[in-house]
Each structure stands twice: as C-alpha cells, then as structure tokens.
Amino acid sequence: MPFLLDSPEAVARARRDAVANPEAFWADIAGHYDWMKPWETVCEWEFETPKVRWFDGAELNITANCLDRHLAEHGDRAAILWEPNDPAEPTVSVSYADLHDRVCRFANVLKSRGVGKGDRVALYLPMVPELAVAVLACARIGAVHSVVFAGFSARSLADRIQDAGAVCVITSDGMKRGAKGLALKAVVDVALAECPTVTTNLVVRHTGEAVEWAAERDVWLHEALENASGDCSPEPMAAEDLLFILYTSGSTGKPKGVVHSCGGYMVYAGYSFANVFQYQPGDIYWCTADIGWITGHSYIVYGPLLNGATTVMFEGVPTYPSPARFWEVCEKLKVNQFYTAPTAIRALMACEPRFAEGHDLSALKVIGSVGEPINEEAWQWYHDAIGGGRCALVDTWWQTETGGILISGLGSHSPMKPAHAGHPLPGISPVLVDGEGNTLEGEAEGYLCIDRPWPSMIRTTYGDHERCRNVYFSAFKGKYFTGDGARRDADGVFRIIGRVDDVVNVSGHRFGTAEIEDAIDSHPAVAECAVIGYPHPIKGQAVHAYVILKDGALPDTADGIAALRKEIGVQVNTEIGNIARPDRIQFTPGLPKTRSGKIMRRILRKVASGEHDQLGDTSTLLDPTVVDGVIAGAAEFLH
C-alpha cells in the first residue's frame, strides 16, 4: 500500500505536504498507478466556469489498475466475495484472475453489439457479481457506465436512459431482496418503450422467472458469453475522458447526471479507500451499499480493486432472514473493515439485543458510517455493541459529486468524537462561510464549501454544464458549495449538520423535494403540494407531503381518505420508486406562502417536527391564518 498513511505522524506530514505543494502531493500519489502515457500538467482549474482538469495529457485505463497489475502476484486472491440473499446458498469467491477473464469476455460481448468508446451504457441490476463485471467491462472498452439503482421505477429509469442517450441496457430477469422480489426485465421493457436510442438489452439470468422477449433487442448474457474471447486489451483513455455518469436528485425536479472522469477519479478512489479504512493486504472488506449509489462505485468496486483488496458484495438486506444477518456474515467471512449506513445501524439497534450478541466480531478493525450524519446514540451503540469499544469508527462525509470521502477519520490514526465526521483528508481544503460568503475562522458554524480542487470532483452535469455551475459554483465565488451546513470545533473537527437546500435525505439517499412534488402533482386529485423532510428514528429523514386537493376530491370517509393516500403513494412509487414514497400525506386546505407566492418550507418543517411553538415570524405570509390549519391537520401524525 504505497500511499498508505500508517501513523499519526505520517498523516500530519501528509497534511503539511498537501498545503505546501498541492500539485506535488497529488503527483506523488498518482505516480503509484500504472499510466499508459504520463501527464503534462498535474492540475489546471478555475471555479468560475467551472473548469477543472487533472493529469492532462496522460492516458490510462482504470481496469488495468484494478485488475491487470494484480495478476502476476495476486491472481489467485479473492477479488469479490459474493454473499447471496439466501443465507442457505454458499458464498461465491471470484479471484482476480477470474474477474479479469470475466470482464474481458463481457467487454467483448459489448463490442460485438457495437458498443464502443464514449457510448453510454445503462445498468439496472441486482447486487450480483455481474454488476461489478459489467461496470468494469464498460470501463475496459471506454464506454461510459450509468448505473441506476434497481428499485427506481420505469419512469425514473427511462428519464436517465434518455438523458444519457444510452445505446445499451444491462439488466436481469429479476432480483431478490430479503423476502421480496422484483421483475427487473419487466420494468426495463416498460422504460425502453420510450428509449429509441437503445439497440441492445443484455439480460442476466438470475432468478429464472419468465420474461417477455424482443428478439431484435434482447440478448441473454450467458448465451452471448459462450463464444466471447477472454482477451481484451484495455482501451487507452485520456485522463479527462468520461468514466461514468451517476444520477442524483437536486432541488429541481430533473435528476442531475454527475460526471466523473477516468484519471482523477482513479487516483482519489484508491487513495481514500486505503487511508480511511487502513486496508492491509489479506484483509476482508465489506461495504453494505448498493452499486447503484456512489458509495458502491467508489467503495465496493473501484477503491478496493485498485488496492488489490478483497471486497464483499451483499445481495440481501440487514434484517433478512433475521436482524443478525450482518453480524453472521461478518463472523463467517472474518470481515476486517465494515462500512454501512446510519439507517441500518438505527434499525438494528432497535431490535432485541440478542441479535447483535453472541457473534465473533473479533476480526473487525475499522467500522464506518456513510450516507448521512450519524446521531450520537447510534454512534455509541455501533462503537460499543459492534466495534466492541476497540474498533476505529470512521464517520465519513462525502457526496456523489465529490467522488470519494473528503472528511473522515483515517482508521485509528485520527481522534474520534461521536457524531463528528472528523478532519479533512490530507489534500482536501474545506472552509466554512457565512451567508455573504465570508470565510469563518476557528470554531464556527456555517455553509460548508471547498476552496481548492481535488482529483475526483465533479466535472460537469451531463449535457448541461450551466446547471453544474449554478448548483455548485455560483453561491459563493471561487468555491464549491456542498449544500450542507457544518460546525467546526476548536480542534478543527467537523460535524455535518445537514442539507440547507430543498433536498431530503431518506436512508442516506437524496431526493429533491421538487422531484417528489412533481410525482404527487401528477395525481388527478391533487391541486398543489409541498414536500419536506422530517426527523425519523430509523431513516434519518422521512417524507412529509402537504397536499391540497382539487375541489370535491377529498373523500368523506376515513377509508376513502386512506385509499386516496395509498393512491398518491403508489403514484410516487411509479414515478420515482418506493424509497421516495411519503411516510405521511397530510391533506390541507392551504400552504403558508409569502406575498410573492413562495412556500415557506421552514414553517412546514417545524410543524412536521412538532415544533409548533418555534415557527418564528409569520407576518410576511400572505395569509398567516393558513398556519393554524396546517398545524391542526398535522396533529394526527404527532401524537
């Protein structure tokens, strides 16, 4: 692990080096990778346009660094340990040599279907090894992968395929998640009815269920692989060529296609993985995320494989067939680093203590949290009940747009403070600013920005660079604005407060309020709505929808009201996916609006949280009496 900072002294030295000469710092880290052609400049940047370029002039292929360079010495080492949904099924081990062969053969299948460098490929797959193979196969030939979480609706999938202009989709017949299943091919069929750019739909046989078939478009992957060669040279890619697009929700309705490039993303994913988790050769590392999210990209696939690590892929859910599942797998596989979300931690903490007891978790060295700020009670339980009070707990902060972890402890080489993310990684330069953009020094609370580039940062939003500028670089001149508020203590330790824009974070997954509102508004009975996030003991945030119905649309019975709420929930499920479905739907005669027509979400958040006595000034409202009706309607959810 040549860029592993393996002591507090090494971390302190790296921080000094990164400040003194950032370009030399990152060039040294990049030098540990294999490049087909060296770079001419380390970094050129300005945050006005914005324009950020790392390692310009260089050529590489990230899969050569994930796979080929490990074969001579570690070809027999397990690259992926796949843990199926059903615990009665055996763990599947895929060695580096086997993974290399599977990636090359899959890449040749893609080429045989006319997919080439620069083409976009959408992946809609369960957590099976073929998902990791497909991601790497795209990168092998220079195709741009766009993974869509297999839980999003056909409408959401179609939107992402259309925005990317994908020519190929990779899916499976179906999937299993806990006791539930989902017919993925059927969802894709509905989506592709609106996606004329797609000429090939590769289908993985996983559940064996019957599927509809379009012979001119649909191809069984196992049949296509029968005659595919295991020889596929990695395509030379410029450092700033696109590696992948990953869609994330924003404060407007349309999801943003966050673009990451080949060179900088590779450098940072490998560096951050090695140091946050203090990975050592032979360790077993498990991130419980789905590859449909950025966490799975960076810390199931790319980060671990760049370091020659053994990474666990898990098909199931933490509570199936019992809430002991995570700990049973940790014991069985002798997991050394474990990385999961506060949502899962809180859910398991709420179960009977016996599910977390009686398991040999002595192999654990580092446990991590990702997706949202972790509350102190969950932090303490995780540290004590799972980490045994001895494991380093890294509470990581980062985003889809950052590509990798930016603020976190580094294994046991950093101080731990419950519910605090920690210090920035060496090479990362966060700042806190006030509402006017003035930089705040020392102990402070403000808007979290970053004032210097890092290799894995967002390059653009696909097809709409102006949106990238407006969302991330326009709020505070010369700075990347994260959209989060944060506090920094006297020791320089950061605590993330949460989103300051119109985004809700449900179980670690961000959704723009406008996106959910658009889905609700499409129901024929709805005249207008407003969506906010409210504190939830398990999810962190849940969705509360305030809905104004059209005249005459409010049912006059309790059963009718319940049925209408269910219909609206199904509408959100259909348009976006079940994960965005409101936990509460409150029918209200009005919404608190300013005289200019802007909804005062601050008031709606306070009402949904039961803080009716802390509403602040309501004199600017067009009709302050509306608030009384909103409060009265919320009462049924708050007792």
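No lab work stands behind these numbers, since they all come straight from the coordinates. Because the structure is predicted, anything quoted here is derived from the model rather than measured. Using ideal geometry, Cβ is built from the backbone for each residue, glycine included, and neighbour counts are taken over all protein chains shown.
Cross-link check: pairs K185/K539; K334/K365; K417/K606; K51/K477 evaluated at a Cα-Cα cut-off of 19 Å; pairs beyond the cut-off: K185/K539; K417/K606. By the count of other C-beta atoms within 10 Å, a proxy for reagent exposure, D395, D623 are ordered fewest to most as D623, D395.
Given their separation in residues at 0.36 nm each and the Cα-Cα distance between them, E209 and E73 gain 44.9 nm when the chain is fully extended. Summing Cβ point charges (Lys, Arg +1; Asp, Glu -1) relative to the Cα centre of segment 147-204 gives a dipole of roughly 300 debye. Within segment 489-639, DSSP assigns beta bridges of which about 80% are antiparallel (rounded to the nearest 5). Listed by Cβ neighbour count within 10 Å, with the fewest neighbours leading, V626, V500 appear as V500, V626.
About its Cα centre, the dipole of segment 522-638 is roughly 440 debye, where the only charges are +1 on Lys and Arg Cβ and -1 on Asp and Glu Cβ. With a cut-off of 14 Å between beta carbons, the residues surrounding L184 carry a summed charge of -3, where Lys and Arg count +1 and Asp and Glu -1. The distance separating the Cα centre of segment 190-204 from that of segment 49-88 comes to 28 Å. Here the chain is treated with +1 on each Lys and Arg Cβ and -1 on each Asp and Glu Cβ, and its dipole about the Cα centre works out to around 200 debye. Computed across segment 83-148, the Kirkwood radius stands at 12.6 Å (inverse of mean 1/r, all Cα pairs). Over all orientations, the chain has a Cα convex hull whose mean projected area works out to 28.4 square nanometres.
For L440, the residues whose modelled amide H falls within less than 5 Å of its own, excluding neighbours fewer than 5 places apart on the same chain, are L432, V433, D434. Karplus-based coupling profile of segment 625-637, in residue order and whole Hz: 5, 4, 4, 4, x, 5, 4, 4, x, 7, 4, 5, 8, with θ = phi - 60° in 6.51 cos²θ - 1.76 cosθ + 1.60 and x standing for Gly or Pro.
Over all orientations, segment 258-324 has a Cα convex hull whose mean projected area works out to 5.3 square nanometres. In order along segment 474-488, the Karplus-derived 3J(HN,Hα) couplings, from 6.51 cos²θ - 1.76 cosθ + 1.60 at θ = phi - 60°, round to 9, 5, 9, 4, x, 9, 7, 9, 6, x, 10, x, 8, 10, 10 Hz, and Gly and Pro are given as x.
Within the chain, DSSP assigns beta bridges of which about 60% are antiparallel (rounded to the nearest 5).
Considering only alpha-carbon pairs that sit under 8 angstrom and 6 or more positions apart, the relative contact order computed for segment 62-125 is 27 percent. Over the chain, dividing the summed -39,500 (n - 2.57) contributions of all DSSP H runs of at least 4 residues by the number of residues returns a 222 nm mean residue ellipticity of -8000 deg cm²/dmol. What does the charge add up to near L448, with Lys and Arg as +1, Asp and Glu as -1, over the other residues with Cβ less than 13 Å from its Cβ? My count for the surroundings of L448 gives -1.
Among F273, F481, a tally of other beta-carbon atoms within 10 Å of each Cβ gives an order, fewest to most, of F481, F273. Our analysis of segment 522-638 gives Rg over Rh at 0.96, with the two radii drawn from alpha carbon positions and Rh computed by the Kirkwood formula. Of the trypsin sites (Lys or Arg not before Pro) found in segment 289-392, those that fall in a DSSP loop while having at most 15 other beta-carbon atoms within 10 Å are K334, R390. In the chain, taking the dipole from charged Cβ atoms about the Cα centre, the farthest positive-side position among A58, T574, N438 is held by N438.
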